[in-house]
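Colleague: Handing you a structure now.
The values are calculated or read from the model by the stated rules, or taken from the named source; none is laboratory data. The shown structure was predicted, so the numbers you read here are calculated from the model rather than taken from an experiment. Note: ideal-geometry Cβ built from the backbone for every residue, glycine included; neighbour counts use all protein chains shown.
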């Protein structure tokens, strides 16, 4: 009777122990986001609650087909690295291959136990049992859970109970592995989708006829998209030749006024006496030579966009009248008292430092604030060096087509000169440079001798400020990729191998730098 009570007490204690351990294991697995962290906690619970030492989870590596230790409690990192098995090799390999659990009563007496981790001493070998169960997903074995256990009362029925307990645990681990892998796959899919959407958005934001993929130009595209549909006055700032006229056209063509006229007035090209008439129009006989009534540009641009280039050059008297038009949205022709309503979107541009002009009173402060509602800064070409080769290749294709030539590429030596030059004339200077090179080139590639002498002088390749490390690295990286693509006829796989990198990285870099591999294919 006393023996029976002792057995019942042991059984109850064992069940409580099992429930406590399962509770801890389930808690760790349920909250898991990192597979390795949660498995380490599970192995620690098995050791602390169940007395199961050297708890190890081995997972099949899909790339090599070998079993590799994912986590191991009480085993060093060096020992874990040694714990690699082929399917069917050793006890663990056999469990994974067959999908059936195995119990080794004494590790030291089992010839198939390889002890590849070298973590078990001779004394422990004689006493420890080894229990290993498969980790299954459906009918497929993806790994194994194994533990060492010393049975004080001898090897017997308790080992069978432990196998059942480990089988339940491996089932919970399997569900967690599947869940985490599924989450990781979904996160990777979301990452790829996010990357795709960013590329599409970048392509959408990119303004037609404006070439450039640099971060500085992406900011310009974003600003254009943000303000295009509004009627806000836009002030384009930047050096001469940076593309202010093209951005003004982009603002018009991407706006709701795109079906209306786009009227351009170069304020620096007309004297004061003619500029006023050009802007506001005049009546017949308003001044000497006014033989007929003429509509001004404000009237001609009705329903569309009026672009005032070089706005910083207008005289003080014209500034006053322009301010009134912007404020009141009305004007009068010269020689007329009739008030005309304006219906235009105003875009202005200047390469002048208006803030300094306001301080020295050559430009009205109130007009400055009326114009500077939404400023967009166009970066000089020396600040967007990753776009230099992209622009050069664009102009090469354009002028090759226009002049019916068969020039296919720009040589590496010529690329070096283009990338080193500081481009004081910006995109306009580069455009003229490439047109000249195409006209004098008789071969299939632009050589350094085809470029203007200004690009080849020592002084011309040094700007006031040296390149940043990031820009220099980008330029060098881009040249390496272009050279590899040229060498391998545009084949990205061969280019990646040549540069000792992966195809995925090469594809990313090619997209990031705006490189077109097709242009390097020999026709």
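Colleague: Return yes or no: is residue 402 free of Cβ contacts under 8 Å to residues at least 12 places away in the same chain and over 19 Å from residue 239 (Cα atoms)?
Modeller: yes
Colleague: Considering the range 143-170 alone, what residues qualify as being closer than 13 Å to residue 100 by Cα and either at pLDDT below 85 or assigned to a helix (DSSP H, G or I) (or both)?
Modeller: 163, 164, 166, 167, 170
Colleague: Any residue in the range 459-473 that is surrounded by 12 or more Cβ atoms within 10 Å (Cβ to Cβ) and modelled with pLDDT of 75 or more?
Modeller: No, that holds for no residue.
Colleague: Let me spell it out: the conditions are (1) surrounded by fewer than 20 Cβ atoms within 10 Å (Cβ to Cβ); (2) out of contact with any strand residue (DSSP E or B) (no Cβ under 6 Å at 6 or more places or on another chain), and residue 379 meets all of them except one. Which number is the exception?
Modeller: Tallying (1) surrounded by fewer than 20 Cβ atoms within 10 Å (Cβ to Cβ); (2) out of contact with any strand residue (DSSP E or B) (no Cβ under 6 Å at 6 or more places or on another chain), residue 379 fails exactly one: (1).
Colleague: Considering only the range 226-268, how many residues are under 30 Å from the mean Cα position of the chain (by Cα) and not in a helix (DSSP H, G or I)?
Modeller: Residues that pass the stated criteria total 14.
Colleague: Residues in the range 80-92 that are crowded, with 17+ Cβ neighbours inside 10 Å and either modelled with pLDDT under 80 or not assigned by TED's automatic domain parsing to the domain that holds residue 62 (or both): how many?
Modeller: 4
Colleague: I would also like to ask the following. Testing residue 130 on (1) surrounded by fewer than 16 Cβ atoms within 10 Å (Cβ to Cβ); (2) at pLDDT 85 or above, one condition comes back false. Which one is that?
Modeller: Of everything listed in (1) surrounded by fewer than 16 Cβ atoms within 10 Å (Cβ to Cβ); (2) at pLDDT 85 or above, residue 130 misses just condition (1).
Colleague: Hey, another quick one. Could you grab me the full set of residues in the range 385-412 that are at pLDDT below 90 and buried (at least 21 other Cβ atoms within 10 Å of the Cβ)?
Modeller: Scanning the range 385-412 gives 385, 386.
Colleague: A further question follows. Restricted to the range 265-275, and to residues that are within 15 Å of residue 301 (Cβ to Cβ) and crowded, with 17+ Cβ neighbours inside 10 Å, which residue is modelled with the highest pLDDT?
Modeller: That would be 265.
Colleague: Can you confirm whether the range 35-45 contains a residue that is loosely packed, with under 14 Cβ neighbours inside 10 Å and more than 16 Å from residue 170 (Cβ to Cβ)?
Modeller: Yes, that holds for at least one residue.
Colleague: Next up: From the list 193, 186, 208, pick out the single residue that is outside the structural domain of residue 344 (by TED's automatic domain parsing) and at pLDDT below 75.
Modeller: Of 193, 186, 208, the one residue that is outside the structural domain of residue 344 (by TED's automatic domain parsing) and at pLDDT below 75 is 208.
Colleague: State the number of residues belonging to the range 481-497 that are over 18 Å from residue 387 (Cβ atoms) and either under 21 Å from the mean Cα position of the chain (by Cα) or modelled with pLDDT of 85 or more (or both).
Modeller: Counting residues in the range 481-497 that are over 18 Å from residue 387 (Cβ atoms) and either under 21 Å from the mean Cα position of the chain (by Cα) or modelled with pLDDT of 85 or more (or both) gives 7.
Colleague: Right, something else. Residue check: is residue 477 assigned by TED's automatic domain parsing to the domain that holds residue 390, modelled with pLDDT under 85 and surrounded by fewer than 18 Cβ atoms within 10 Å (Cβ to Cβ)?
Modeller: Yes, satisfied.
Colleague: In the list 95, 57, 71, which residue meets the criterion of being surrounded by 20 or more Cβ atoms within 10 Å (Cβ to Cβ), at pLDDT 80 or above and in a helix (DSSP H, G or I)?
Modeller: Testing whether each residue is surrounded by 20 or more Cβ atoms within 10 Å (Cβ to Cβ), at pLDDT 80 or above and in a helix (DSSP H, G or I) leaves just 95.
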